[in-house]
1. Stokes-Einstein D for the chain at 37 °C, 0.692 mPa s, Kirkwood Rh over Cα pairs, in µm²/s?
2. Between V111 and A134, 0.36 nm times their residue separation minus their Cα-Cα distance comes to what?
3. Under a Cβ-Cβ cut-off of 9 Å, what is the net charge of the residues other than G81 that fall near it, where Lys and Arg count +1 and Asp and Glu count -1?
4. Ignoring ligands, DNA and RNA, what percent of the 1.4 Å accessible area of segment 1-160 is carbon and sulfur?
5. Compare the Cα positions of T73, V111, G43 along the charge dipole of segment 29-135 (+1 at Cβ of Lys, Arg; -1 at Cβ of Asp, Glu; about the Cα centre) and return the one farthest towards the positive end.
6. Placing unit charges on C-beta atoms (Lys and Arg positive, Asp and Glu negative, everything else neutral), compute the dipole magnitude of the chain about its Cα centre in debye, rounded to 20.
7. Only helical DSSP H runs with n ≥ 4 go in: add -39500 (n - 2.57) per run for the chain, normalise by residue count and round the 222 nm mean residue ellipticity to 500 deg cm²/dmol.
8. Find how much the distance from V12 to L26 grows on full extension, using 0.36 nm per residue of separation minus their present alpha carbon separation; answer in nm with one decimal.
Amino acid sequence: MEIKGSDREYAVVGQGSIFDGIAYWLILAGVYLMVGGLMFYSGKDKLFDGEREAPSGIAEQFEGTFIDTFPGTDTAWFILGVFEFGVFVLLLASLIRLEFLPHRAKSILQVGLALALLTYACLGFGETVIGDHAGSASLYTYFASTAVILLLVRLLPPNRPDRWLAGVSSRSD
């Protein structure tokens, strides 16, 4: 059964099954909440809630390292905050642009996820510099999970047919 207008750019429901639609909306809600929420609070803490300086415990960990010399621990802390809050801003822009709709390109969302990858890479580099291998491994998991999320977003409509769960085109050509 085809829903009239369900293939338009601003359609809320695509032409897939009810299961395609439920999975689509749950995945996107999870992406926006998990990545956006994590990056919002991390960035907000670094940029707006503190002195815009690394906490003393962080400064002590990086004392005498390359990062302490360049760009400086406080500057690195601020840059991480900009990256983290930047991911949140990009995800918010994606929502405002209505990229969550099935037939809308998800360009800004994908750029936001790519910036999240860079952010995790920077955090992981910092953990490696101070020899925190467990922390570095944990950040590698964040990085890999975000890469999987980015690939999953690429598999959603409009890059795939509305019946994306089964991989079957919903249009009869």
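1. Approximately 184 µm²/s, per Stokes-Einstein.
2. Length gained, V111 through A134: 5.5 nm.
3. Local charge sum for G81: +1.
4. 67 percent
5. Going by the Cα projections, it comes out as V111.
6. The calculated dipole for the chain is roughly 980 debye.
7. After summing the helix terms and dividing by the residues of the chain, the value is -21000 deg cm²/dmol.
8. That works out to 3.7 nm of additional length.
The values are calculated or read from the model by the stated rules, or taken from the named source; none is laboratory data. Predicted model only: the values in this text are computed from it and were never measured. Please note: Cβ atoms are built from the backbone with ideal geometry, for glycine as well, and neighbour counts cover all protein chains shown. Keep in mind that these areas ignore ligands, DNA and RNA; they rest on the heavy atoms of the full protein, side chains included. Shrake-Rupley method; radii C 1.70, N 1.55, O 1.52, S 1.80 Å.
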